[in-house]
Amino acid sequence: MGKELRADSPPGLTARPLYQQVKDYIEDRIKSGKWPPEARIPSENELVRTLGVSRMTINRALRELSEAGLLIRLQGVGTYVAPRKPVSALLEIRSIADEIRQAGGRHDSTVHLLREEKASPALAAGMELPPGSRVFHAVLVHSDGGVPIQLADRYVNPAVAPDFLKQDFTRITPNEYLVSVSPATEVEHVIEAVLPDQRTRRLLAINRHEPCLVLHRKTWIGKTVATSSRFFYPGSRYRLGGRFKPAYDSHRVLT
């Protein structure tokens, strides 16, 4: 049987593996509300002093809880209780800001790119534009209480939103603006799970082992392709879901 935490450690810890005891200690405080969502927890050194175990043991416990989505570790900043996961509706186009607020969070955004570009051959074909056509390109990171939740990489057809580049997207989301000026008449959603590249990991502040959900969205206004976008969500911080009524007819049942 392994070593137990020292006698003056907080109550409720038993002779289980030390790293598991540390995990139990942290989870108990999260579940009880003592450490609420988005709260910064004690540092590794503070936990070493409080629990009387090695830093290696503390580090393993924090790493496993981060991989499970209960904690978020930001290098050089600290470790935080993960915010409640917003849920994105698959069958709707909703503002990420609204999703975060409805989950009880605090939305903010950072604009990493906002400019006019020439469409690549692949992008032009996907947006049904002549090769080399002008497109607007926006890359934003949306956060909940400072924790990155979504990386939005969006191309916009200038014909449907000519003033897109003039907007302050720290005050209004691109989605909110586009819905206000050119609401889509048709939407295509495709979802996949990926291991993100280095740039995406850096912008979302995640490690190289964390997968992302990627939502590919194309919208139309009439017969014109309005936008082509990719939305990256850290797997431990977000959920995609929806509720709907199945459609029935006399010849077929959708299941």
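All of the numbers you see were taken from the coordinates with simple rules; none came from a lab. Just so we're clear, the structure is a prediction, and the values are computed from it rather than from any experiment. Note that each Cβ is placed from the backbone with ideal geometry, even for glycine, and that neighbours are counted across all protein chains shown.
How charged is the neighbourhood of residue 153? Take every other residue with its Cβ under 11 Å from the Cβ of residue 153, and add Lys/Arg as +1 and Asp/Glu as -1.
Working: positive: 154, 199, 217, 230; negative: none.
My count for the surroundings of residue 153 gives +4.
Can you put 123, 204 in order of Cβ neighbours within 10 angstrom, beginning with the fewest?
On the way: 123 17, 204 21.
Going from least to most buried by this count: 123, 204.
So, with +1 on the Cβ of K and R and -1 on the Cβ of D and E, and no other charges, what is the size of the charge dipole of the range 18-81 about its Cα centre, to the nearest 20 debye? Mind showing how you got there, number by number?
Values: 10 positive and 8 negative charges, 23 e Å.
So the dipole magnitude of the range 18-81 works out to roughly 100 debye.
What ranking do 16, 115 get, fewest neighbouring Cβ atoms within 10 angstrom at the top?
Numbers: 16 15, 115 10.
Least to most surrounded, the residues fall as 115, 16.
Taking the convex hull of the Cα atoms, report for the range 18-81 its projected area averaged over all directions, in nm².
Values: hull surface 15.3 nm².
Average of the hull's projected areas for the range 18-81 equals 3.8 nm².
For the range 87-241, which semi-axes, largest first and in whole Å, follow from the square roots of 5 times the eigenvalues of its Cα gyration tensor?
Details: eigenvalues 118, 60, 47 Å².
That gives 24, 17, 15 Å for the three semi-axes.
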